[in-house]
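Enquirer: Here it is, the structure, as structure tokens.
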Amino acid sequence: CDDFVNVDPLYTRSADNFFRTPTDYQQALTGAYDPMQTSYLDLWIGEIASDNSIAGGEGVTDTEGLHQIDAMTHGGVNNELRSLWRWMYAGVTRTNYIFENRDKLEFDDKARIMGEASFLRGYYYFELVKFFGAVPLIVDRQLPPGEVSSQVRTPATEVYAQIEKDLQAAADALEWTTPVKGRITKGAALALLGKAYLYQNKFTEAATVLDQVINEGGYDLFNNFETMFRVVNEGSKETVFDIEYVGVEGGSYGCFVCLEGFAAVGFHGIRGYDGPVYADGNSYNLPTKDLYDAFESGDPRRDASILDIEAFIAAQEEPGKIKYVTGAGGHTGYYNKKYLKRSDELGLGDNDLTSPVNHKVIRFADVLLMAAEAHNRKPSANDNLALQYLNRVRTRPSVGMAALNLTGTALTEAIYRERRVELAGEGLRFFDLVRTGKAAEEIDGFEAGKHEVFPIPQDEIDLAGADWQQNPKY
Amino acid sequence: QSPVRGRVTDENDQPLPGVNVLIKGTTLGTVTDASGEFRIDNVPADATLQISFIGYTSQELAVNGQSNVAVKLLPDVTSLDEVVVIGYGTTTVKELTGSVAVVNGNDLTALNPVRVEQALQGQAAGVQISAASGSPGAGLNIRIRGFTTNGDNTPLILVDDVPYDEDGLAALNPSDIETINVLKDGTAGIYGVRAANGVILITTKKGKKNAKPTIDFSGYYGVQQTTKRMDLLDAHEYAVLKNETYASGGGTPPFANPNLGKGTDWQDEVFEDAPIQNYNITISGGSEKSRYAIGGSYMNQQGIVGGDKSGYRRYNARVNFTVDILPKLTWENVLLYTNERRDMLPEMGIGSVLFNTINANPAASPWKEDGSYAFLEDVSEVINPLAQMANTFNRNTVNKVVGKQEINYKINDNFEVTGRAGYNYALVDEKQFNPLVYYGANKAQNTAANAALEPNLTKVSDDLSIPVYNNIRETRTTYFNYNFEAFLNYNRTFGVHKIKATLGTSMLGYDNRSLTGTGYNVPYNSNDFADISATESNNYLNNTSSWQDRTRLLSQFVRAEYGYGSKYMLSASVRRDGSTAFGANNRFGYFPAVSGAWVLSEESFFQTSAIQFMKLRASYGVSGNDKIRPNGFLSLLDGEGVYPFDNILANGVAIGRIGNPDLKWETTRQANFGVDLNILQDKVSITADYYVKTTKDLLFQPDISAIVGAYGAGSSTPIINGGTVRNRGLELRIDYHTQLAENLRVNIGYNITTIHNEVIALPPGVDFFEFGSFSVGGGTATRMQVGHPMGYFLGYETDGIYQTQAEIDERGVTQDPATTSPGDLRFVDQDGSKTIDFSGDTDKTRIGSPIPDAIMGLNVGMNFKGIDFSATFYASVGNEILRNYERQLPMSNMLTYNRGRWTGPGSTDEYPRLTTEATRNNVLSDFYIEDGSFVRLKNVQLGYTLPRAIVNRIGASRLRIYVAANNLLTFTKYKGFDPDFSNYDPNVSGIDYGFYPQAKSIMGGLNLTF
């Protein structure tokens, strides 16, 4: 008789009656891709925390968390870090939802779907461990709210072990190429795996998987450094792992996690700009002179990566008609040209938020430089191969810098320098400095033993109620 | 032995039908007919007749050989034997252990209410009724003993045991009501998980056995006006003050010549005298084995704003039929059909008709020279309210059938079993036509591109734009609930021990579904063609949507009652409820209640002639509130999961709100202590109650740890149980009844309820929740916070007006120098930081509470020969209202208090200067908080019942004519239209967003009985 009150809601897909057709798996996977589209924060913090750029914006309280990170004064109360924590765990949960239900149905395409899901979980955990160090590791199930307080911070090594396992599983399941632009490939999985190894100083393992990407992936450097980041050149041979963005949906400041466009691009835009080529934006994440000066003389990548606004204006036909303003959040005269709002790449609605430009998370040049570093730093170093990879990046036609001939630590330093200029503005610098132990010497205010990881958001510690220890010295 | 005839009348010599007449010591007897007459055959000459009727003092009469007797029954004010409904059973006032307010249907009908709830206002202690809107057909908010929850505070309403929702009460014709019983305390727990907000049991009229058919006709016709007009500036004052406003801000005064006379009184243009009428007819009677009441009614009320554009019309037909199928088996059949039609104008908030009315420029004419509606282009966000009314087409139609079939079988003298099936089916059709209209340049409400009513274009793809024509939106929603109940009652007396028991079960289901469609391009832009069938079937913008939900409740309940003599009574009950609204881990709950009473006046030691009756009562019970959004415990796949593949957005699925299998009802524990007293030879009866009502497990959606994944796109945190609110207070009811002279009877009833509402706890880690909004784009206005009443106002406290620059400079507290000048409000530095903080909350404080300290009702009645007079007052004391209907636009009209604005040092310490400069005068402060106390004469009525001799000539048995007025007088300091309002949401209940005032109506009517 009590069954009278045991009824399911009508015509509603609930989490418990899903996964009945292959389409259900595909749709859940699409849902799991979605949280990647918050990568503007990853890119911003990776630059702003480093010596590459300042926070910028309308004022020093505009996105205050970024200014604190810029000044290395950040603490447990930081909206940007909290958003990152929230969104990456949303991604983890959405992939775990698929794993939790992996045995409900067998079908032809399932291995590919599970492979992509494995990659996504690996990506989300890599973001979490890279920012916060030890984080609670939840795998293959959705965490009921009642179990939060029993979750411990899993040591970073164990989180990395899961990341390696997931990315290897993805690599095993996926093909080098996909007929659908935007889907994760074997190359993306191996490249991210290589990066994960590198972040743990597992150079031998990194060298192996990165060699596999270089030798078997069919990737190549794009023939035009400057235009590589434009929408028209998306999906080029240099693309290893892109987060896809489109500008067709519009969007609002009320929900950044809902955006389908890349928010970084409009935010990087020149404040109050009225002129050719570019478009008005919010002047965030402004490159420093230190970065500008880090380029070797004659390196075309400097002007392809950094816009010197005054020089640009002076070179136009009617400089007097071009206007822009500076924000009280800081001004360097430079803008991040790789991801800069352009008048021919605007999304619908509020186009500060809806850029169609993809986020190139891992491109082939990064793979070559990571491989170079791995071969150079692994116990049985192969500097020849490392140098070959380095020079392949430096001497490609659209860059045309002189080949180097170095070995040992001189080669290591050259690779580090190359990473900075090749990958300037792409959100990698801070984490490169941390993992190579150079952060304290390069970043003002960086305190060794503290700033290698960011603090766990204090509210999250409180809400979990699990007695998590805050990261040291925060 | 010979027949005895007789006639029974009341104290006004009016016939009393249905009176029981019994030969003492026998079961022989009858009841009086419609003329109050009876006849009993074969009466022994020495017999004594017992004459009894509920509500009247019983009489005994020795026949002494008479063949014709006349009996006059006098009302029994104490009504200790009056029946009280307590849920699945009844008791008497004398034996009642809980706290139940009983309101007689006749008392309600006398108030000429359109809806039942209106008449309840001021009639029952502990029951707070306030209008959600004064527009015809609008619902009222019923709150029993305060705000029990931050969620749905509506009590459980059962009409002849069939559940009604608050909206659905509109379908009921007040004159069909026999009685209303309001269960206020823990004993309402017999209704378990639905009882936390109190229970209202309404019984409709049933007819009487052995009665000739009686035809009752009643009707009234009246005219309504607004209870109040706001005091607004006329055109001359407006021009002078606007010139000053602009000049003070360094701008050009807009009016070169301010001598514009009175100008347009927009309230005159918008408010109108609107008719109201209501007619009922009921035929009732019965045979030896059956009784019936069949009736119908028609009600039509037009709006004081917009006439039939905000009108309400109701037809209703009713059959109540009860028959003894077998000697011990009774079948009861209740059937009600209602057809309602309601038209609505935009009301409440920015954009409503009244908002536009009070903010419109009085110097502008409503009409252009060609007779068309003027564009009010000088006040950018205000449109011509007359044009707005003309272009609003918004109609709801309700067809509703409610019924009950009930079988009652008396197994023997002790056992009785009842089974019933009830249903409530409502079909609600909403039709909204949105024509292409143009209110002038840059008006947000424009749907056309220009005055020629050409459509706007919208871009549907890169190379295609299409016109947006007018549209018609139709929604059809069916609300259906059904219930099956069966229960066994046991009743036995062993000497001084009286035992009653009830055991039963109940099943209740709700099945609601809705379908909406919108069609574009109605021909001729005309409401005459406004139907989806007349629109373009292939218009790109056409769309449809639907929803459905079903919820079920399964219950078992048991109650035992014990009485020792008439001195001690004890009652205990427990109900088990299972509901689909709760998570799997908490599907079933148990709700116990105990109560007891001690009649001191029955004790031998109780020897005082001052007190005729005295009873102490106490009760404690647990009840629940199951008004949780359907499926709140489930994780549904309604999150957003969108990602581009091949540059095309693919729609995936993602979990929306995280489920909570532990989700359960809100639990209310209530203790009640009461005393009932009759003094002064039963002329005065007093009932007093003290209650403490604590509701825990309130529902919230606070932040939770993000590791459960609740912060993805379209996702949200689980609904959890956490938080506690407490209401406590006193209720007092005093009734006085006396015969001043032979034909002059007076009765006075007074009741007062105090409510002290306090939030006791919120979910861990949550300091407060914020609600509401103030002004346009303003911040939140109210909070729910521990230690404060729900929905209290948070803002700045003012301390007069800065008179001079020196005062600003020398105060020692910095108040944003850039926006502070002499004439501006001076704010209090709450945190002692020497700076008024306008970006944070540190200088904000509690500046008022929407919850009254006390509500009161006063009912006065007088009868002198055929003349009757009655008056009902209602008062609310000690609540505050946030005035939120003034636009802060440079050219919007203003209330007349601005005449007393600051104009120089010493001019005023109350009203700030007028200027277009940026000031802080518009932040939410106590300047915008007003005392919302009021006293209102709800109803006053003077009637005359024509003498029998005259009435009999037209074949009738009774004719009464009367004049009456509703809401005739209101005493309040509140500047807005009507202080007698509240918003449905308890957390914003006291914000006046531009309330549609209740009408004052004057009417004449008659009651005619054949």
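The values are calculated or read from the model by the stated rules, or taken from the named source; none is laboratory data. These numbers come from a predicted model, not from an experiment. With ideal geometry, Cβ positions are generated from the backbone for all residues, glycine too; neighbour counts draw on all protein chains shown. To get the accessible areas, we keep the full protein, side chains included, count just its heavy atoms, and leave off ligands, DNA and RNA. Shrake-Rupley method; radii C 1.70, N 1.55, O 1.52, S 1.80 Å.
Enquirer: Which members of region B:119-139 meet the condition of being open to solvent by 10 Å² or more (accessible area, probe 1.4 Å) and touching a helix residue (DSSP H, G or I) at 6+ places or on another chain (Cβ under 8 Å)?
Expert: Scanning region B:119-139 gives B:Gln123, B:Gly137, B:Gly139.
Enquirer: Restrict the check to region B:997-1005 and report whether at least one residue is closer than 18 Å to B:Leu345 by Cβ and assigned to a loop (DSSP other than H, G, I, E, B). Steps first, answer last, please.
Expert: First, the residues of region B:997-1005 that are closer than 18 Å to B:Leu345 by Cβ: B:997-999.
So of that shortlist, the ones also assigned to a loop (DSSP other than H, G, I, E, B) come out as B:997-998.
Yes, region B:997-1005 contains a residue that is closer than 18 Å to B:Leu345 by Cβ and assigned to a loop (DSSP other than H, G, I, E, B).
Enquirer: Is it true that A:Lys195 is out of contact with any helix residue (DSSP H, G or I) (no Cβ under 9 Å at 6 or more places or on another chain), closer than 22 Å to A:Arg363 by Cβ and basic (Lys, Arg)?
Expert: Numbers: out of contact with any helix residue (DSSP H, G or I) (no Cβ under 9 Å at 6 or more places or on another chain): no; closer than 22 Å to A:Arg363 by Cβ: yes; basic (Lys, Arg): yes.
So A:Lys195 does not fit the description; no.
Each row is one residue, and each column tells you yes or no for (1) touching a Ser or Thr at 6+ places or on another chain (Cβ under 7 Å); (2) β-branched (Val, Ile, Thr).
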| residue | (1), (2) |
| --- | --- |
| B:Gly563 | no, no |
| B:Met569 | yes, no |
| B:Gly589 | no, no |
| B:Val622 | yes, yes |
| B:Asp626 | yes, no |
| B:Leu634 | yes, no |
| B:Asn647 | no, no |
| B:Pro661 | no, no |
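Enquirer: Tell me, please, whether a residue that is under 23 Å from B:Ile851 (Cα atoms), away from chain A (no Cβ under 14 Å) and surrounded by fewer than 23 Cβ atoms within 10 Å (Cβ to Cβ) can be found in region B:681-691.
Expert: To start, the set of residues in region B:681-691 that are under 23 Å from B:Ile851 (Cα atoms) comprises B:688-691.
Now restrict to residues that are away from chain A (no Cβ under 14 Å): B:688-691.
From what's left, surrounded by fewer than 23 Cβ atoms within 10 Å (Cβ to Cβ): B:688, B:690.
Yes - at least one qualifying residue is present in region B:681-691.
Enquirer: Scan region A:215-253 residue by residue and report those that are of a type outside the set (D, E, K, R), open to solvent by 20 Å² or more (accessible area, probe 1.4 Å) and in a helix (DSSP H, G or I).
Expert: Of everything in region A:215-253, those that are of a type outside the set (D, E, K, R), open to solvent by 20 Å² or more (accessible area, probe 1.4 Å) and in a helix (DSSP H, G or I) turn out to be A:Asn215, A:Thr227, A:Val231, A:Val232, A:Asn233.
Enquirer: Buried (at least 23 other Cβ atoms within 10 Å of the Cβ), of a type in the set (Lys, Arg) and either within 14 Å of chain B (Cβ to nearest Cβ) or in a helix (DSSP H, G or I) (or both): which single residue out of A:Lys195, A:Lys165, A:Lys181 fits that description?
Expert: Details: A:Lys165 fails: buried (at least 23 other Cβ atoms within 10 Å of the Cβ); A:Lys181 fails: buried (at least 23 other Cβ atoms within 10 Å of the Cβ).
Matching residue, one of A:Lys195, A:Lys165, A:Lys181: A:Lys195.
Enquirer: Now a separate question. Sort out which residues of region A:121-155 are facing chain B (nearest Cβ under 10 Å), of a type in the set (Val, Ile, Thr) and assigned to a loop (DSSP other than H, G, I, E, B), and write them in order of number.
Expert: Once the filter is applied, which keeps residues that are facing chain B (nearest Cβ under 10 Å), of a type in the set (Val, Ile, Thr) and assigned to a loop (DSSP other than H, G, I, E, B), region A:121-155 yields only A:Ile138.
Enquirer: Okay, moving on. I need the full set of residues from region B:537-566 which are free of Cβ contacts under 8 Å to residues at least 40 places away in the same chain and either of a type in the set (Gly, Ala, Ser) or surrounded by fewer than 16 Cβ atoms within 10 Å (Cβ to Cβ) (or both), in order please. Let's see the steps before the verdict.
Expert: To start, the set of residues in region B:537-566 that are free of Cβ contacts under 8 Å to residues at least 40 places away in the same chain comprises B:537-538, B:542-548.
Scanning region B:537-566 gives B:Ser537, B:Asn538, B:Asn543, B:Thr544, B:Ser545, B:Ser546, B:Trp547.
Enquirer: Of A:Leu29, A:Leu66, A:Leu43, which residue is within 27 Å of B:Ile648 (Cβ to Cβ), buried (at least 24 other Cβ atoms within 10 Å of the Cβ), away from chain B (no Cβ under 14 Å) and under 24 Å from the mean Cα position of the chain (by Cα)?
Expert: A:Leu43
Enquirer: Out of all the residues in region B:485-507, is one or more under 30 Å from B:Leu457 (Cβ atoms) and surrounded by fewer than 17 Cβ atoms within 10 Å (Cβ to Cβ)?
Expert: No - not one qualifying residue is present in region B:485-507.
Enquirer: Quick check: anything in region B:250-273 within 30 Å of B:Arg960 (Cβ to Cβ), within 36 Å of the chain's Cα centre (by Cα) and at pLDDT 90 or above?
Expert: Checking region B:250-273: at least one residue is within 30 Å of B:Arg960 (Cβ to Cβ), within 36 Å of the chain's Cα centre (by Cα) and at pLDDT 90 or above.
Enquirer: Anything in region B:509-536 that is under 19 Å from B:Leu457 (Cα atoms) and not aromatic (Phe, Trp, Tyr)? List them, or say none. Before the answer, list the steps.
Expert: Within region B:509-536, the first condition is being under 19 Å from B:Leu457 (Cα atoms), and the residues that meet it are B:518-525, B:535-536.
B:Thr518, B:Gly519, B:Asn521, B:Val522, B:Pro523, B:Asn525, B:Thr535, B:Glu536, listed by residue number.
Enquirer: Hey, another quick one. Name every residue in region A:1-26 that is more than 7 Å from every other protein chain (Cβ to nearest Cβ) and among the charged types (D, E, K, R), in order of residue number.
Expert: Selection gives A:Asp3, A:Asp8, A:Asp16, A:Arg20, A:Asp24.
Enquirer: I'd like to know if region B:513-522 contains one or more residues that are part of a strand (DSSP E or B), closer than 24 Å to B:Glu416 by Cβ, more than 14 Å from chain A (Cβ to nearest Cβ) and among the β-branched types (Val, Ile, Thr).
Expert: Our first condition is that a residue be part of a strand (DSSP E or B); within region B:513-522, this holds for B:513-520.
Now drop any that are not closer than 24 Å to B:Glu416 by Cβ, which leaves none.
For region B:513-522, residues part of a strand (DSSP E or B), closer than 24 Å to B:Glu416 by Cβ, more than 14 Å from chain A (Cβ to nearest Cβ) and among the β-branched types (Val, Ile, Thr): absent.
Enquirer: Which of the residues spanning region A:69-127 are open to solvent by 40 Å² or more (accessible area, probe 1.4 Å) and among the hydroxyl-bearing types (Ser, Thr, Tyr)?
Expert: Residue satisfying the conditions is A:Thr73 alone.
Enquirer: Can you list the strands (runs of 3 or more DSSP E) lying wholly within region B:61-112 that have 1 or more residues being over 15 Å from B:Thr179 (Cβ atoms)? So that I can check it myself, show each step before the final result.
Expert: Working: elements: B:68-72, B:83-85, B:90-92, B:100-104.
Ranges flagged: B:68-72.
Enquirer: I would also like to ask the following. Which one is nearest to B:Ile748 (Cα to Cα) among residues in region B:90-109 that are crowded, with 22+ Cβ neighbours inside 10 Å and among the small types (Gly, Ala, Ser)?
Expert: Result: B:Ala101.
Enquirer: Out of (1) open to solvent by 10 Å² or more (accessible area, probe 1.4 Å); (2) touching a helix residue (DSSP H, G or I) at 6+ places or on another chain (Cβ under 9 Å); (3) within 14 Å of chain A (Cβ to nearest Cβ); (4) not hydrophobic (A, V, I, L, M, F, W, C), what's the single condition that is false for B:Ser775?
Expert: The single condition B:Ser775 does not satisfy is (3).
Enquirer: Considering region B:862-912 alone, what residues qualify as being among the aliphatic types (A, V, I, L, M) and either surrounded by fewer than 16 Cβ atoms within 10 Å (Cβ to Cβ) or not in a loop (DSSP other than H, G, I, E, B) (or both)?
Expert: Taking region B:862-912 as the starting set, the residues that turn out to be among the aliphatic types (A, V, I, L, M) are B:862, B:867, B:871, B:875, B:877, B:881-882, B:889, B:891, B:894-895.
Matches in region B:862-912: B:Met862, B:Ile867, B:Ala871, B:Ala875, B:Val877, B:Ile881, B:Leu882, B:Leu889, B:Leu895.
Enquirer: State the number of residues belonging to region B:692-703 that are surrounded by 22 or more Cβ atoms within 10 Å (Cβ to Cβ) and not in a strand (DSSP E or B).
Expert: Number of matching residues: 1.
Enquirer: Tell me which of these B:Thr717 doesn't satisfy, since it passes every other one: (1) more than 14 Å from every other protein chain (Cβ to nearest Cβ); (2) modelled with pLDDT of 90 or more.
Expert: Only one criterion in (1) more than 14 Å from every other protein chain (Cβ to nearest Cβ); (2) modelled with pLDDT of 90 or more is unmet by B:Thr717, namely (1).
Enquirer: Something else about it: Please determine, by comparing only the residues of region B:755-784 that are of a type in the set (Gly, Ala, Ser) and under 28 Å from the mean Cα position of the chain (by Cα), which one is modelled with the highest pLDDT.
Expert: B:Ala761
Enquirer: Continuing with the same structure: Taking into account only those residues within region B:951-978 that are basic (Lys, Arg) and within 30 Å of B:Pro213 (Cα to Cα), which is most open to solvent (accessible area, probe 1.4 Å)?
Expert: B:Arg953
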